[in-house]
Amino acid sequence: MLSVSLNRMEDSASLRDALEACVFFATSMGRLGGDFTSMLSELFEPKMASLVVTHWKEGVSTLQETLKVCRDAGVAAPLTSSTATSSGAAASPEQPPRQLLTIPPLARLVNSYLTGLNELRRCLLPGIFGVLRMKLNRSLSTVKALLETNQRAVNTPGLRGEATQLREVATSMLVMFDKVIEPYVRGALEVALGDYAAAKEYLKKEIEEVKEEAVEEEEADEEETEATQEEEEAVEEETEEIKENEEETTTTGTEPFKTPYEAVGETLAAEEAPHAATEVTKPPGEEVWDDF
């Protein structure tokens, strides 16, 4: 009867309330020699693990469907985002990696894992620790196999639509899964179970990858800055050369350019000028008669 009632529960809060009521009732029955507390774990632990894993399965199923729809339609837009990220931020189990914003399907997958782990905050049963680790290993293996299958499918010749973009996204997804998602999700599970030392070990890989990406970005920025400076210096040198040429032209007295009409006009004016400027001089003692 209790197992039938537990199967109807869909959240850990209801399961916790039922567990507390059962423990109280079993303790009360202990006064009469009917304590059944030891039997509760067999009923509640599988149900609690099922509540967590259900969210993981839904996330994997959504990812698989998204990849299939985009692959069949030949569209890569739903798989990527132009959201700017800061890869230099330190990795931590409390803060999801911001790199996931560039690939929305993987971000939703990580959200499904975290949603399942949030169920443990209301009802954490020590007996399910090993089960959850095993289930997580299987789930992550399924996701990796799914991404590899998608990569092989998009690399098949004859893919229609945005084939190039789909192939690039498929490769990026695999890299993101190996370097970011897998270590982060494993670390998040250990944090949810209270094992912070194990979480740090899992997150070492992600932290190293984040640092490497930050160093690469800094080097790329430095190279871009140097190239910009070189271009600016080249422009300044060219500008100085132009100014020097203009100054030399001004000091040498080079005549300005004249149109053919201006040149002909100046030539005619020069030929008429001597006749207009000639004056008749009168010798001393002589008269000059005008000719009529």
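The values are calculated or read from the model by the stated rules, or taken from the named source; none is laboratory data. The shown structure was predicted, so the numbers you read here are calculated from the model rather than taken from an experiment. Glycine also receives a Cβ, built like all others from the backbone with ideal geometry; neighbour counts cover every protein chain displayed.
General observations
- Candidates 63, 67: the one that is under 30 Å from residue 124 (Cα atoms), in contact with a Pro (Cβ under 8 Å, 6 or more places away or on another chain), at pLDDT 85 or above and surrounded by 14 or more Cβ atoms within 10 Å (Cβ to Cβ) is 63.
- Segments classed as helices (runs of 4 or more DSSP H), wholly inside the stretch 1-90, with at least 1 members that are under 24 Å from residue 174 (Cα atoms) and of a type in the set (Val, Ile, Thr): 41-73
- Every residue from the stretch 142-176 that is more than 17 Å from residue 76 (Cα to Cα) and crowded, with 22+ Cβ neighbours inside 10 Å: 143
- Residue list for the stretch 10-39, restricted to those being farther than 25 Å from residue 53 by Cα, of a type in the set (D, E, K, R) and out of contact with any helix residue (DSSP H, G or I) (no Cβ under 8 Å at 6 or more places or on another chain): 31
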